[in-house]
Amino acid sequence: MWTVITEALDMLRAAGAAVTPAQLGAPTPCTEWTVTQVLQHAAGDQLAWAAALGTGSGPADDPFSPSGRLRTSVDDLLAPAIATAATAWAAVPPGAEPVSTPLPQGALPAATAAAACALDAAIHAWDITSALGRPSALTPQLAAVLLPAARAIVEPLRQYGVYAPALAPEAGDDEAAELLRYLGRDPGWRR
């Protein structure tokens with residue numbers, strides 16, 4: 001299995017496990033979305049990645065228009081999506097030719113695609129932990145692996161509103177802060 005995928009999915013799982021019912025409606029760094037909506041989006045994205053790789057049927061709802069109403073527990077929402085994504089990536093060998101993605105760019109080299117999928121899980125885990133006021137598990141080491149994938153996929157997606165405009169780097173930024181700013185997030189965001 002891809003280490004970057006495992007680490008990012010573990011981050012997403014842990015972030016979801018930390019959410020209490022009282023926090024589901026909390027604001028997040030994704031200014032238009034609550035914790036519930038970020039969870040729904042993150043689960044849907046993982047299902048979309050898995051389906052692009054030939055595992056599962058994709059999300060039942062539009063990940064870019066999350067309802068904000070949780071029909072199940074957080075674990076019941078995230079666990080199947082995380083398991084499906086892990087299963088899909090376990091079947092992709094590291095040296096694979098370009099693989100299908102759910103992105104408008106289409107197929108990407110396997111390593112770039114894996115990092116792009118992991119980017120989604122890790123960043124939304126960061127959004128959730130930030131909304132909960134908890135420390136992030138996004139390490140500079142993981143961010144350094146995710147940043148090249150972000151630079152490869154994000155610019156074309158900004159036009160669709162998928163990512164906010166990049167924020168200017170600041171002196172003293174580590175790789176995690178650099179990645180967050182590139183994705184339009186303030187590393188110091190607090191609710």
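Data table
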| quantity | calculated |
| --- | --- |
| Residue in region 152-180 that is farthest from SER130 (Cα to Cα), counting only those that are within 15 Å of the chain's Cα centre (by Cα) and either modelled with pLDDT of 95 or more or crowded, with 17+ Cβ neighbours inside 10 Å (or both) | ILE153 |
| Qualifying residue in region 1-8 (condition: surrounded by fewer than 22 Cβ atoms within 10 Å (Cβ to Cβ) and over 23 Å from LEU180 (Cα atoms)) | yes |
| Index of the failed condition, THR72 passing every other in (1) of a type outside the set (Gly, Ala, Ser); (2) out of contact with any His (no Cβ under 9 Å at 6 or more places or on another chain); (3) touching a residue at least 40 places away in the same chain (Cβ under 8 Å) | (3) |
| Evaluation of ALA96 against (1) more than 14 Å from ALA8 (Cα to Cα); (2) in a helix (DSSP H, G or I) (one fails), failing number | (2) |
| Unique match (being assigned to a helix (DSSP H, G or I), within 17 Å of the chain's Cα centre (by Cα) and farther than 23 Å from ARG185 by Cα) among ALA86, ALA131, ALA121, ALA125 | ALA86 |
| For ALA96: the one exception among (1) touching a helix residue (DSSP H, G or I) at 6+ places or on another chain (Cβ under 7 Å); (2) at positive phi | (2) |
| Selection count where residues are of a type outside the set (Gly, Ala, Ser), more than 17 Å from ALA121 (Cα to Cα) and surrounded by 12 or more Cβ atoms within 10 Å (Cβ to Cβ), scope region 63-81 | 1 |
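The values are calculated or read from the model by the stated rules, or taken from the named source; none is laboratory data. Small disclaimer: the values here were computed from a predicted structure and weren't measured. Positions of Cβ are backbone-derived with ideal geometry, glycine not excepted, and every protein chain shown enters the neighbour counts.
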